[in-house]
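The structure appears below as structure tokens.
The values are calculated or read from the model by the stated rules, or taken from the named source; none is laboratory data. Note that the coordinates shown come from a computational prediction; the quantities given were computed from them, not determined experimentally. When we count neighbours, we look across all protein chains shown, and the Cβ atoms used for this are built from the backbone with ideal geometry, even at glycine.
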Amino acid sequence: MRLRGIRRSTNVEDRRGRRGGMRGIPIGGAGGIGLGGLLLILAIGFFTDIDLTPYVSGNGGTAGAYLDEDLSPEEEQAADFTLRVLATTEDVWDRVLQEQAGMPYDPPVLVLFSGVTQSPCGGASGATGPFYCPADRKAYLDLDFFATLARRLGAKGDFAAAYVVAHEVAHHIQNEIGILSQIDLARRQMSEREANALTVRLELQADCLAGVWASHVEGLLEPGDVAEAMNAAEMIGDDRLQRQAGRVPRPDTFTHGTSAQRAGWFGRGYDSGQMGACDTFAADTL
């Protein structure tokens, strides 16, 4: 993605540099897991909104003291990239939301954190992954996961990381137009299985809206960028992640959609460039 000359967004709250330690997570040795296994478990939690910390600790794991750490050049580079991507989402949605929905755009704040942090929607960690909290209209992201995204899940390339940012911003768009509150109310009156199915439609719509964003930054795209985003969407489908965790995929537990569905809806948004193409709730088949 061509970001040279693109401004850095100022809608950021940087909480990095203070990393929450975790006690009771055995890595390696008797009864422990390897570093690769730990990264994979955290990756699965990242894209399923499930805190998997208890599965990597014999006693459930407890948060330890915060450890002050200097930020590495790699972390600073990842932050610079992320803030420039965030700026492109601001420019795109400022125009598109007005043109296609007749609404002004009030962008979210992006919280960058290391290890663990808190939000009005609950704790955030590398295990729960990036998420959008409608209560404070902020998106939360631990930049360390971009490396895990590439190494452990096979979602390589800078546009794969940009897709993650765009997906979380898409949840803010859903909040702005009132979809999140409607879905939250509906889910409270449903069985878990029905609520999961509705959540899948919500997440696929966010994938589609991320595709709409991608279609409007074409001047910044490099050859292979769209393929990177499509591959990332496939690599984080519920069916693939459950297989990666050694489980038989159970569609009734899906909360984000299959690999094919996620890539398909991103592609639909990209090909159309229209928010109206992202009505997953009216779709007979996903």
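Couple of notes before you dig in:
- Per this entry, GLY273 is counted among residues that are more than 16 Å from the chain's Cα centre (by Cα), in contact (Cβ under 8 Å) with a residue 40 or more places away in the chain and on the phi > 0 side of the Ramachandran plot.
- Counted residues, the range 94-150 - those being outside any loop (DSSP other than H, G, I, E, B) and of a type outside the set (Gly, Ala, Ser): 26
- For first residues located in the range 116-145 and touching a residue at least 60 places away in the same chain (Cβ under 8 Å) and within 21 Å of GLU76 (Cα to Cα), partners that are among the small types (Gly, Ala, Ser) and part of a strand (DSSP E or B) and lie 6+ apart or on another chain with Cβ distances below 6 Å form the pairs VAL116/GLY20; VAL116/SER125; THR117/ALA124.
- Where ASP184 falls short, out of the listed (1) surrounded by 19 or more Cβ atoms within 10 Å (Cβ to Cβ); (2) in a helix (DSSP H, G or I): (1)
- Residue among GLU222, GLU194, GLU234 that alone is surrounded by fewer than 18 Cβ atoms within 10 Å (Cβ to Cβ) and free of Cβ contacts under 8 Å to residues at least 40 places away in the same chain: GLU194
- Residues in the range 109-140 that are over 20 Å from ILE173 (Cα atoms) and in contact with a helix residue (DSSP H, G or I) (Cβ under 9 Å, 6 or more places away or on another chain): SER114, SER125, GLY126, ALA127, THR128.
- Residue list for the range 169-179, filter: surrounded by fewer than 24 Cβ atoms within 10 Å (Cβ to Cβ) and either at pLDDT below 95 or under 17 Å from PRO130 (Cα atoms) (or both): GLN174, ASN175
- Here THR88 does not qualify as part of a helix (DSSP H, G or I) and within 13 Å of the chain's Cα centre (by Cα).
- Subset tally (residues that are surrounded by 15 or more Cβ atoms within 10 Å (Cβ to Cβ), under 24 Å from ALA277 (Cα atoms) and among the polar types (S, T, N, Q)) for the range 81-112: 2
- Identity of the residue in the range 113-164, at pLDDT 85 or above, surrounded by fewer than 24 Cβ atoms within 10 Å (Cβ to Cβ) and charged (D, E, K, R), that ends up farthest from the chain's Cα centre (by Cα): ASP136
- Taken together, the residues in the range 227-264 that are more than 17 Å from the chain's Cα centre (by Cα) and within 21 Å of ARG2 (Cβ to Cβ) amount to 1.
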